[in-house]
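Data first, discussion second: the structure below is written as structure tokens.
The values are calculated or read from the model by the stated rules, or taken from the named source; none is laboratory data. Predicted model only: the values in this text are computed from it and were never measured. Because the Cβ atoms are built from the backbone with ideal geometry, glycine has one as well, and the counts that use them run over all protein chains shown. SASA here: full protein model, heavy atoms, side chains in, ligands and nucleic acids out. Shrake-Rupley method; radii C 1.70, N 1.55, O 1.52, S 1.80 Å.
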Amino acid sequence: RQQVEKHRPGLVPVVRSTMADSVSSVVSQNHRMTKAGLAVVERSTKENTLSIDEKVIALTFDDGPRAGVTNVILDALKKYDAKATFFVLGSRCEAGADLLKRMADEGHEIGNHTWDHPKMTSEGASGIVKQIDRTNEIVKQITGTAPTLFRPPYGLYDERVSSYVGKE
């Protein structure tokens, strides 16, 4: 397994994976590669610390916010006092601003899933920057906080994508 040497503070590449892959990607204090091949970083905040004896499931949802879908998910999560990570598309954030605010207000994590869901390996350097930064900017504008997680569409990434996400 390779280690990733640099990461933009808190911005971590993540991909869709099976539950077993998600659980196995919990790390100690160092960067390491998941089975999917992307780096994960354990945050040192108390709220993100898990007991190794505790059984957990990480719930993630992609491609929102979308009225008629995201609100139903949020209602169910609220009913069961559960939290999730929503990987949002920047192009849907303005129309779904109320849902985005609700995600943040209810304590869910909001991750970056690009502006409009391109194959990032087909994007040029300026396209990669634009896809990630525009999404971070609109999420921060609406919620007050920029995403700290990134999940590339289709799980596709290359060194250029990893390198940009990893810049400080």
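This table checks each residue for (1) at pLDDT 95 or above; (2) aliphatic (A, V, I, L, M); (3) within 20 Å of R151 (Cα to Cα).
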| residue | (1), (2), (3) |
| --- | --- |
| K79 | yes, no, no |
| A84 | yes, yes, yes |
| G90 | yes, no, yes |
| L99 | yes, yes, yes |
| H113 | yes, no, yes |
| D116 | yes, no, yes |
| K119 | yes, no, yes |
If I go through the stretch 138-167 residue by residue, how many of them are part of a helix (DSSP H, G or I), at positive phi and open to solvent by 40 Å² or more (accessible area, probe 1.4 Å)? 1
Looking at the stretch 69-109, what helices (runs of 4 or more DSSP H) fall wholly within it and have at least 2 residues that are under 21 Å from I57 (Cα atoms)? 70-79, 97-105
Kindly indicate whether T114 is open to solvent by less than 40 Å² (accessible area, probe 1.4 Å), outside any strand (DSSP E or B) and within 21 Å of L156 (Cα to Cα). yes
Pairs only if they're at least six apart or on different chains, beta carbon under 9 angstrom, first in the stretch 75-93 and basic (K, R), second surrounded by 14 or more Cβ atoms within 10 Å (Cβ to Cβ) and part of a strand (DSSP E or B); list them, first residue then second. K83/E109; R92/D63; R92/G64
